[in-house]
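Report on the structure given below.
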């Protein structure tokens, strides 16, 4: 994921995952046999009640280079999305565009995101159930426009382990008051389904994740991946 002389933008939301991501990368930076830079970036979307002081104070205490991008995407999402509808899709697209453009403008060739193993599995089922596609989020990805490389260093980490560590070190967690607190999110339903499976069938979630790494295209039905007509 990381090569010598990389300049990595670490996207920090104020949640447990991104705090853990930053700490791991900073520890790796001290021990790795290669040289790479880390720049922490937070997108302040102007959500009501967002504690603007928390992240600058925390990042300043670490002595790391950081940037706070101020963009009022909250008002745009509120204007465009009908009452009762979830905001995730539009919010995610806008946030991704802003961060990708910032990385390109500042010569940051890698973008590190805090998605963990459970995020990948949940996305797999979200796409299956709602999009009719068999896809999730890869640990490393080239953006569609080819300008950015996205890495997910926590892709093989369990959310429960991250949560336990975050509670132990007492990160100054900032809850999301825009999308994370909405009722009826499909991701919440998927998460509950996986939690129930994990309770009633221990090991099932781990098996699902292994299956995402052990794909046999000829045993599926996508003619673009496997030339069935050539038989």
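Bear in mind that the values in this text are calculations on the coordinates, not laboratory data. Model, not experiment: these values are computed from the prediction. Here the Cβ is made from the backbone with ideal geometry for all residues, glycine too, and neighbour counts use every protein chain on show.
Taking a ≥ b ≥ c as the square roots of the eigenvalues of the Cα gyration tensor of region 1-126, is the shape rounded (a/c under 1.5), prolate (a/b larger than b/c) or oblate?
Prolate is the answer for region 1-126, as a/c is 1.5 or above and a/b outweighs b/c.
Using per-residue counts of other Cβ atoms within 10 Å, averaged over each peptide, order 224-231, 108-115 from highest down.
Values: 224-231: 8.2, 108-115: 23.0.
In descending order of packing, they fall as 108-115, 224-231.
Give the separation of the Cα centroids, region 4-35 to region 181-231, in Å.
Each part's Cα centre sits 29 Å from the other's.
Which value in Å does the Kirkwood hydrodynamic radius of region 141-231 take, with 1/r averaged over all unlike C-alpha pairs and then inverted? Each step should come with its number before you reach the end.
On the way: mean 1/r = 0.0572 Å⁻¹.
About 17.5 Å, per the Kirkwood formula over Cα pairs.
Shape verdict for region 7-215, please, from the Cα gyration tensor: rounded (a/c under 1.5), prolate (a/b greater than b/c) or oblate.
Values: a/c = 1.43, a/b = 1.16, b/c = 1.23.
Rounded shape, in that the Cα axes give a/c under 1.5.
For region 7-215, what does the relative contact order come out to in percent, with C-alpha contacts under 8 Å and a separation of six or more?
On the way: 260 pairs, mean separation 49.8, N = 209.
Over region 7-215, the number comes to 24 percent.
Only Cα pairs under 8 Å and at least 6 apart count here; give the relative contact order of region 1-121 as a rounded whole percent.
So the answer I get is 34 percent.
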